[in-house]
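Engineer: I'd like to ask some things about the structure below.
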Amino acid sequence: MTAAQQPIGVFDSGVGGLSVLQALRAELPHERFVYLADSGNAPYGERGDAFVQARTHAITDYLCRQHHIKALVVACNTATAAAIHEARARHPRLPLVGVEPALKPAVAASKTGHIGVIGTRGTLTSAKFAKLLASLDGQAHFVVQPCDGLAHAIERSTAQAVPAASDATETRALCARYTSAMGRFGTQAGEMDTLVLGCTHYVFVQDELRSLLGPHIRLMDTGEPVARQTRRLLQATGTLVPENGTPAPAITLLTTGALEPLQNAATRWLQLPAECCATVDLPVGWSADPVR
Ligand code: DGL
């Protein structure tokens, strides 16, 4: 297998990173992907850094060893904030792309200069986020809101093939509670006209958010910029699959949790066949020597 034929690894605490995988597939249709949802351990957002770091290292090592990935996309803001720095140090030759809340694009897009940011507690209390916020000091007014429980509710909403009405009610109630605590959204002076989705799971409740906030509020996620950055990195390392019109290769989706929720998420959100999903046993405490 040539380097270009090796798959790109993508991982998240659970199904949220499928929103990034969607953008990656659109940008890089000839690439092979192996996606790992750590749903057996989700959510990461309220777990603390040490746990998230240990999982990030275990998953990265596993994807390198078992799937010989040529690059890794950390499709999780929480894991990026807690662990990408160390992951780069452990795997110096592995091209790594992380995600962070899209504050800079939000500053460019906002007309009122008032921007809401939602994410996990882990992401929004991290040093990495504090640095990002400080780098934009004076350029906009940010209202930052951790949304405890929202990623978990989105995970749970994949338990059944047809989403249960109670799940929709729960995710909507959480979206309503957190956005109403942030202040006024709107397009008038002093109102937030832009909301940054600082967690990859939240893309899957964007319809709820839109219906609560109205059609004029811009929602900013990171899927597309991350996909473009991945393409640039593969180009720079000469490992991009040649775009010669070959059909899109099969995708592998793995979960450390139950199989059905991943299958439901894959068919519901990405229109992928349930057969591309499988479980993987990667218990807490699993570790391998770093691959260099
Ligand atoms: N999807 C993840 C993120 O972007 C993590 C959500 C969670 O597990 O709490 O932050």
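Only the coordinates and a few stated rules stand behind these numbers; no lab work does. Quick caveat: nothing in here was measured; it's all calculated off a predicted structure. Virtual Cβ from ideal backbone geometry, glycine too; neighbours counted across all protein chains shown.
Engineer: Long-range amide H contacts for residue 96: which residues qualify at under 5 Å (H placed 1.01 Å from N, peptide plane, sequence gap of 5 or more or a different chain)?
Structural biologist: 72
Engineer: Can you pull the three principal axis extents for the Cα set of the range 141-204, in Å, largest first?
Structural biologist: Reported extents, whole Å, longest axis first: 43, 19, 16.
Engineer: Now, a different point. Could the peptides 279-286, 113-120, 90-97 be put in order, highest first, of the mean number of other beta-carbon atoms found within 10 Å of their residues? All intermediate terms of the calculation are to be shown ahead of the outcome.
Structural biologist: Values: 279-286: 12.6, 113-120: 25.0, 90-97: 17.4.
Highest-to-lowest ranking by the protection proxy: 113-120, 90-97, 279-286.
Engineer: Cross-link partners among lysines for residue 104, C-alpha distance below 21 Å, same-chain residues fewer than 8 apart left out?
Structural biologist: Answer for residue 104, where 21 Å is the Cα cut-off: 128, 131, listed by chain and number.
Engineer: Binning at 10 angstrom from zero up to the longest distance, how are the C-alpha pair distances of the chain distributed in percent?
Structural biologist: Pair shares across the bins are 6, 29, 36, 22, 6, 0.
Engineer: What is the range 12-101 by shape, rounded, prolate or oblate, if you read a ≥ b ≥ c off the alpha carbon gyration tensor as root eigenvalues and call it rounded for a/c under 1.5, prolate for a/b larger than b/c, and oblate otherwise? Walk me through the intermediate numbers first.
Structural biologist: Working: a/c = 1.61, a/b = 1.22, b/c = 1.31.
Verdict is oblate for the range 12-101.
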